[in-house]
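Student: I'd like to ask you about the structure that follows.
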Amino acid sequence: MRSRKVSSPKGPNIRPTPGRVKEALFSIIAPRLEGSRFLDLYAGTGAIGFEAASRGAKSVTSVEGHRETAQAIEETAQTLGVARKVTVVAAPVDRALYRLQGPFDLIFADPPYADEVPLRMFELLRERKIAANDALIILEHSARMLLPEIPGYRCTREEVYGDVALAFFEVVPG
């Protein structure tokens, strides 16, 4: 799919993932993307999910708590011709995780940088079996933030790109 600009409502809650970070992310997850179920939490513009859909994900679920922004993701999915692949859930992440049916193979979470690490999100991913046993969970966060140990997960890789960091987690069996 040709590169297309994704529009969304403007505001302090919208912080798109920088282009070079997005390219690095998709370079890292490329071997796992084809035919995967992709979950985009704190979706914002939906750009990460659209990229996943264009690169071979079987389905994409975008969760966005701001209703107007979620509606913009739905409209963009129509415009890009990927509406059959993309499902949008307009609800806060913790609430949405009670409604979603897993398992998802790849889970990308980009919570507001000012927030603490979303430990409840990680807990729900496990409890509700939203994350597949071999899922890869990617957390985008401020490079200044030191991540705590997250019960039930192992951080296998962390990459820093200026002010942005990507942490890659696997579910610990058990």
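Values in this text are rule-based calculations from the coordinates and carry no lab data. Note that the structure is predicted; figures quoted are calculated from it, not measured. Note that we place each Cβ from the backbone using ideal geometry, even for glycine, and neighbour counts take in every protein chain shown.
Student: Explain nothing, just the number: dipole magnitude of the range 19-171 about its Cα centre with +1 on each Lys and Arg Cβ and -1 on each Asp and Glu Cβ, in debye rounded to the nearest 20. Present the calculation step by step, with values, prior to reporting the outcome.
Tutor: Values: 18 positive and 22 negative charges, 99 e Å.
Computed charge dipole of the range 19-171: roughly 480 debye.
Student: Given the chain, what count of lysine pairs have C-alpha atoms under 23 Å apart, with each pair 8 or more places apart or on different chains?
Tutor: Going through the chain pair by pair, I get 9.
Student: Tell me the GluC sites (Glu not before Pro) within the range 19-53 that lie in a loop according to DSSP and have at most 15 other beta-carbon atoms within 10 Å. Can you show the working numbers first?
Tutor: On the way: sites: E23, E34, E51; in loops: E34.
Here the GluC sites (Glu not before Pro) that fit, given the DSSP loop and packing criteria, are E34.
Student: How large is ³J(HN,Hα), in whole Hz, for each residue of the range 125-136 in order, when computed from phi with the Karplus curve 6.51 cos²θ - 1.76 cosθ + 1.60 and θ = phi - 60°, using x for Gly and Pro?
Tutor: Per residue, the Karplus-derived 3J(HN,Hα) values read 4, 6, 4, 8, 6, 6, 8, 4, 4, 9, 5, 10 Hz.
Student: If you build the Cα gyration tensor of the range 14-82 and take the root of 5 times each eigenvalue, what three semi-axes come out, in whole angstrom, biggest first?
Tutor: 19, 14, 10
Student: Moving on to the next point. Do the sum for the chain: with -39,500 (n - 2.57) for every DSSP H run of n ≥ 4, divided by all residues, what is the mean residue ellipticity at 222 nm, to the nearest 500 deg cm²/dmol? The partial results should precede the final answer.
Tutor: Numbers: 5 runs with 50 residues, N = 174.
Mean residue ellipticity, 222 nm, calculated: -8500 deg cm²/dmol.
Student: I need the P(r) histogram for the chain: all alpha carbon pairs, bin width 10 Å from 0 out to the longest distance, whole percents.
Tutor: 10, 42, 40, 8, 0
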